[in-house]
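The numbers here are math on the coordinates, done by the rules we state, and not lab data. Note that this is a predicted model, so its numbers are computed, not measured. Here the Cβ positions follow ideal geometry from the backbone for every residue, glycine too, while neighbour counts run over all protein chains shown.
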Amino acid sequence: MSLFQRVDTHLTKIYGNRHSSDALVEWRDQLLKAMRLNGQQAPPAPHRNLWDETDVALITYGDSIQSPEQKPLQVLHNFLNQRIGTTVSWVHILPFHPWTSDDGFAVLDYSSINESLGNWTDLTRIAVDYRLMADLVLNHCSSRSVWFENFRRGIHPGADYFYVPPEDFDTSQVVRPRTSALLETVLTDSGSQAVWCTFSADQVDFDFQNLAVVEEFCCIIRQLLDAGVRIFRLDAVAFLWKVSGSSCINLPQTHEIVRLFRTLIECAQSDAIVITETNVPNSENLSYFGQADEAHAIYNFSLPPLLIQGLLTGSSKNLRGWMMSMPPAEGGTTFFNFIASHDGIGLRPAEGLLSQTDLEQMVTALEGFGGLISRRQADEGESRPYEVNIALFDALSGTVKGPDALGLERFICAHAIMLGLEGIPAFYLHSLLGTHNDGARVRHTGRNRSINRHQWSLQELTMALDDTESAHHHVFVALQTLIQLRKRQPAFHPNATQFTLNLGDSLFGFWRQSTDRRQSIFCVYNISDQPQMLSVEELNLIATDHWHDLVSGRVLEGSMTDICLAPYQCLWVSNR
């Protein structure tokens, strides 16, 4: 199917009942022009893996590290080159446009870089050394943007860019992650209008029923590609389309818009990757793979709450059950694995996977470690916990029994599990640095999420990392060592075979096998605070192979029957 045909198909499925075929052809040509495509580009072959075992991502704000001598993007670039080097290959810089709230996710102007961070040249320089990942904040923009000011005045561009539901629109089934008012009444030159605000009054939803909005985002995508961006994170994409009487989340039109953007992006840049950020229950999240024609990768949102719950309780039951139920990703798709982010530990992705008792126990424990609870509006106006806001280092500073002296070991174990799993591992910068809760920042901003958005001074960070006695130093060195070890193992290819092992509640394990079947790695973790015995027999090791633990270097002799794992110890037992 040609590019023309593919785009025509997408547009017909989304807008066929709103526009004539001739009108859609005109819109198709406008979208291709915005992307600088002529229709002759051949869509890439499907099921291509654009990643391998050497790929590891780093997630950071552009100003997480600051110095008075340089702009933050320059500071970040120097830190990456001097301290991180080849440890990571992807760098996700969270929103870097001018903004008015939500630490960048209420975009004021998509065409420019926030002056306080740097400029387009600073961004492009990072893209030369790393695969650069950027947010496409699709669902909404700032209520103080030029587009929204134009909406108020009834002039273009912007007059018809924002969603104003009809008066008879039924919102009773709407699912959203906030307790703020869904509709915000604003005064315009034509009178008062109620605009849709999924996230906050300062984040006004676009109207994707208007193809001019799609065209604007094609221009934005083209500019990001020109700046060197090669990985696009579709932020809050699940909420794009609205239908009266529906949940207004994960609707068929939304999925088709993802397919449309993927087609345009990969035809403009064949090695570009689309990742969907959909903080929803597991089955809904998996749907964004489509038929390997939507997201190349999806955020593995169920991993953080399940892994943290397992480490807090010392039981792998829920984590193991979820892993056994997860389908392998098709070729050309993969999971984007993370256990900490700029947001919090999402609880919706644990729905149906953790019991209410398990959830409440975990939330209580995390509150005891300084965590804050963000809530959403549920059915019949009920308010429910939506996420726990906490730095991961503090989240794992103890168990459900309370704080203990094994926090560092527990923290390293959590990342060792993530590194072994099917998919691409992603490290939030503050996890790599072992950053603690930032209560002062919460008090300053009044926002729960600020607890895990600390801003380091470069001088203080340098001292902390150079201090061989500090937890920051130990975390930084230990995680980099594990990452480099992982990158050398073909069995850790994001699409290599994975099989979950049943080793009892206190041990968590899985088997990985390289795509050429030459390397096998048995990953076993003691997720409890007590020593545990592993029967070597349970691993079913092939007797003719020579097995050793990649982490410790210990050789497994043929006569060995049991291995004693210390609390939170990790084994990567490999035959090569």
### Query
Which percent, nearest 5, of DSSP beta bridges in region 65-201 are antiparallel?
65 percent
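Between ASN38 and SER111, what's the calculated FRET efficiency when r is the beta-carbon distance and R0 is 25 Å? Round to 0.05. Before the final figure, lay out each step's value.
Values: r = 24 Å, r/R0 = 0.95.
Computed FRET efficiency for ASN38 and SER111 comes out at 0.60.
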### Task
Give the percent of DSSP beta bridges with both residues in the chain that are antiparallel, rounded to the nearest 5.
60 percent
### Task
Report, ordered by chain and residue number, the lysines lying within cross-link reach of LYS242, taken as a straight Cα distance under 23 Å and ignoring same-chain residues fewer than 8 apart.
LYS13
### Over the chain: Rg over Rh, Cα atoms, Kirkwood Rh
0.97
### Message
Just to confirm the number: angle between the C-alpha axis of helix 120-129 and the first principal axis of the chain, 0 to 90 degrees, nearest 10?
### Response
30 degrees
## Note on the structure
Here, GluC sites (Glu not before Pro) of region 27-129 satisfying both criteria (DSSP loop; at most 16 other Cβ within 10 Å) are GLU69, GLU115
### Task
Can you tell me the 0 to 90 degree angle between the C-alpha axis of helix 471-487 and the longest principal axis of the chain, rounded to 10?
90 degrees
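Nothing charged except the Cβ atoms of Lys and Arg (+1) and of Asp and Glu (-1): what's the magnitude of the dipole of the chain about its Cα centre? Round to the nearest 20 debye. Walk me through the numbers before you get to the answer.
Numbers: 43 positive and 65 negative charges, 143 e Å.
Here the chain has a charge dipole of around 680 debye.
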#### Entry: Candidate aspartates and glutamates - alpha carbon under 20 Å from LYS71, same-chain residues fewer than 8 apart omitted
ASP63, ASP103, ASP109, GLU115, ASP122, ASP129, GLU460
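Show me the chymotrypsin sites (Phe, Trp or Tyr not before Pro) within region 223-314 that DSSP assigns to loop and that have at most 13 other Cβ atoms within 10 Å of their Cβ.
Numbers: sites: PHE232, PHE239, TRP241, PHE261, TYR288, PHE289, TYR299, PHE301; in loops: TRP241, PHE301.
When the chymotrypsin sites (Phe, Trp or Tyr not before Pro) of region 223-314 are filtered for loop state and at most 13 Cβ neighbours within 10 Å, nothing remains.
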### Task
Distance from a point 7 Å along Cα→Cβ of HIS548 to each backbone N in region 477-496: keep the residues under 19 Å and list them by number.
481-492
## Note on the structure
So the FRET efficiency between SER535 and ASP271, C-beta based with R0 = 41 Å and rounded to 0.05, is 0.35
### Over the chain, relative contact order from alpha-carbon pairs under 8 Å, at least 6 apart, %
13 percent
### Task
For every other residue with a beta carbon closer than 12 angstrom to the beta carbon of PHE336, add +1 if it is Lys or Arg and -1 if Asp or Glu, then tell me the sum.
-2
### Query
Tell me which lysines have Cα within less than 25 Å of LYS401's Cα, excluding those fewer than 8 residues away on the same chain?
LYS317
### Query
In degrees between 0 and 90, to the nearest 10, how far off the longest principal axis of the chain does helix 3-15 point, with axes built from Cα atoms?
80 degrees
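What number, rounded to the nearest 500 deg cm²/dmol, is the helix-based mean residue ellipticity at 222 nm of the chain, given -39500 (n - 2.57) per DSSP H run of at least four residues and division by all its residues? Numbers along the way, then the final one.
On the way: 17 runs with 179 residues, N = 576.
Using -39500 (n - 2.57) per qualifying helix, the result is -9500 deg cm²/dmol.
Defining a contact as two alpha carbons under 8 Å apart and six or more residues distant in sequence, what relative contact order in percent does region 95-188 show?
On the way: 94 pairs, mean separation 18.6, N = 94.
This gives 20 percent for region 95-188.
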